[in-house]
Amino acid sequence: MKVMVVGGGGREHAIIKKIKESNKVSEIFALPGNGGIAQDATCVDIGAKDIDAIVEFAVKTQIDFAVVAPDDPLVLGCVDALNEKGIKTFGPNKAAAIIEGSKVFSKNLMKKYNIPTAQYEVFTDMNAALKYLDTAPIPTVVKADGLALGKGVIIAQTREEAKNAVKSMMEDKVFGESGSSVVIEEFLTGPEVSVLSFTDGETLIPMVSSMDHKRALDNDMGLNTGGMGTVAPNPYYTEEVAKECMEKIFIPTMEAMNKEGRSFSGCLYFGLMLTSDGPKVIEYNCRFGDPETQVVLPLLESDLLEIMLHISDKTLKDADVRFSNGSACCVVMASNGYPGKYETGYEITIPTDKNIYVAGAKLADGKLLTGGGRVLGVTETAPNLKEAIDKAYATVKEVSFANAYYRSDIGAKALKALN
Ligand code: AMP
Ligand code: GLY
């Protein structure tokens, strides 16, 4: 089969490497891919948001199966556009992708169907939001309604901070139309768990759980980033918690989307917080998480492409979905300065026999050069978490590029929780 993957980051590299293991696949195209993905797929210079060009390429190239990985094209309706041309696709349609595309939608969905989440209020009028903040419990959380490159969530420790967040979203429009509505919600505490799931709208199969590390510096200090590393499984996600999440969150969400006429097909991501009051949904994503995918897929023992085909045929119940009992650790190596200003263009040396997922790099004269904030992720698997972490950091030492920066404590919190 000719397979096309839309996207060009570390997550897409992990998806492509896994799909490549399938004996069903003959050729893989990445749109746009990146310099590292180019070792595993044919990269085509079409941006992930250029829906018309994506569809045109798929038709012209006679693509048998498409995987749309990033949030933007999903929310823009890339799956609908491909389906219209008869191309089988993995990913939710536009009507279902709204579960990530609008926080107002997802919060109202959870309220309507009694799915546990933080208490909240929705505002479309800035002055009403500011007035509410005069008496709201502090800390509070201000969220832009729409997609905001992962930056639309502000945890405000003071009223002033919360009001500034509201003004920047609703008045200064720092996230454009995404900030026309805001959600102001209760601040929750507890360990966070990411659970990605396969679903075709009838069956839902959770993947192995994981833990992201969002802050730039060790000990969860520094700015929020797109994710500096991950481990799987997440030790806080015990069998008991998993059972509760399945009953109170996962299945109810799948059924709620069906009832709304927005049946979800693809990878539904649950960002959870395990509060003293039980697990609650922090966010839904309509796609594989990044960098969660870089630890979850290496633990998948069955054929990813076959699972995806089953999902697009609505026969997920017949699919073989097996994960190993081992652990995985992904350490992200970034350009020094990220998520602020950083320099790129430095040559990267990587061992070729390892699981390295390239996020931001370009090829120039046959050389791989850094080309982004997050440059790559190094993933290792092992029978237990401690070994996976040690192996990942040993492999990090085999990678080199100028100005490389990485956290030295990925998985440390998880190890502590295990002991
Ligand atoms: P997001 O950009 O939606 O992934 O949110 C970023 C992070 O903000 C989450 O991973 C949480 O750590 C935090 N967060 C979001 N909502 C809440 C909340 N209601 N209470 C506490 N922390 C939150
Ligand atoms: N790692 C969180 C996300 O993919 O949004």
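Which value in Å does the Kirkwood hydrodynamic radius of segment 1-63 take, with 1/r averaged over all unlike C-alpha pairs and then inverted?
Working: mean 1/r = 0.0873 Å⁻¹.
Over segment 1-63, the inverse of the mean reciprocal pair distance is 11.5 Å.
Between segment 275-350 and segment 76-114, how far is it from one alpha carbon centroid to the other, in angstrom?
19 Å
For the chain, modelled as a Gaussian network with Cα springs under 10 Å, which listed residue fluctuates most, P279, P73, P339?
Residue with maximal mean-square fluctuation among P279, P73, P339: P339.
For Cα pairs less than 8 Å apart in space and 6+ apart in sequence, what is the mean separation divided by the residue count of the chain, i.e. the relative contact order in percent? Numbers along the way, then the final one.
Details: 990 pairs, mean separation 70.0, N = 419.
Relative contact order for the chain comes out at 17 percent.
Highest mean first, what order results for 291-299, 199-207, 390-398, 228-236 on Cβ atoms within 10 Å? Walk me through the numbers on the way to the answer.
Values: 291-299: 28.7, 199-207: 19.6, 390-398: 16.6, 228-236: 26.3.
Taking the mean over residues of other Cβ atoms within 10 Å, the ranking is 291-299, 228-236, 199-207, 390-398.
Roughly what percent of Cα-Cα pairs across segment 86-220 reach past 22 Å? Display every interim value, and only then the final one.
Details: 4190 of 9045 pairs.
Distances greater than 22 Å cover 46 percent of the Cα pairs.
What order do you get for 358-370, 149-161 when each peptide is scored by the mean count of other beta carbon atoms within 10 Å, highest first? Walk me through the intermediate numbers first.
Details: 358-370: 18.4, 149-161: 15.1.
Highest-to-lowest ranking by the protection proxy: 358-370, 149-161.
If I model segment 302-374 as equal point scatterers sitting on the Cα atoms and use the Debye formula, what is log10 I(q)/I(0) at q = 0.15, 0.20 Å⁻¹?
Debye output, listed in q order: -0.74, -0.87.
Hey, got the dipole for the chain? About the Cα centre, +1 on K and R Cβ, -1 on D and E Cβ, debye to the nearest 20? Display every interim value, and only then the final one.
Details: 44 positive and 56 negative charges, 63 e Å.
Here the chain has a charge dipole of around 300 debye.
Quick check for you: with a 1.4 Å probe and neighbouring chains kept, what is the accessible area per residue of segment 101-164, in Å²? Please report the intermediate quantities before stating the final value.
Details: 3370 Å² over 64 residues.
With the other protein chains kept in place, segment 101-164 gives 53 Å² per residue.
If the viscosity is 0.692 mPa s and the temperature 37 °C, what Stokes-Einstein diffusion coefficient in µm²/s follows for the chain when Rh is the Kirkwood radius over Cα pairs? Walk me through the numbers before you get to the answer.
Details: Rh = 21.8 Å.
Using the Kirkwood radius from Cα pairs, D works out to 151 µm²/s.
Taking the Cβ of L217 as the center, what net charge do the other residues with Cβ under 12 Å away carry, scoring Lys and Arg +1 and Asp and Glu -1?
Values: positive: K214, R215, R407; negative: D218, D220, D409.
That sum, taken over residues with Cβ under 12 Å, equals 0.
The values are calculated or read from the model by the stated rules, or taken from the named source; none is laboratory data. All values derive from a computational prediction rather than experimental measurement. Don't worry about glycine lacking a Cβ; one is built from the backbone with ideal geometry, like all the others, and counts go over all protein chains shown. Remember, those area values only see protein heavy atoms, side chains included, never the ligands or the DNA or RNA. Shrake-Rupley method; radii C 1.70, N 1.55, O 1.52, S 1.80 Å.
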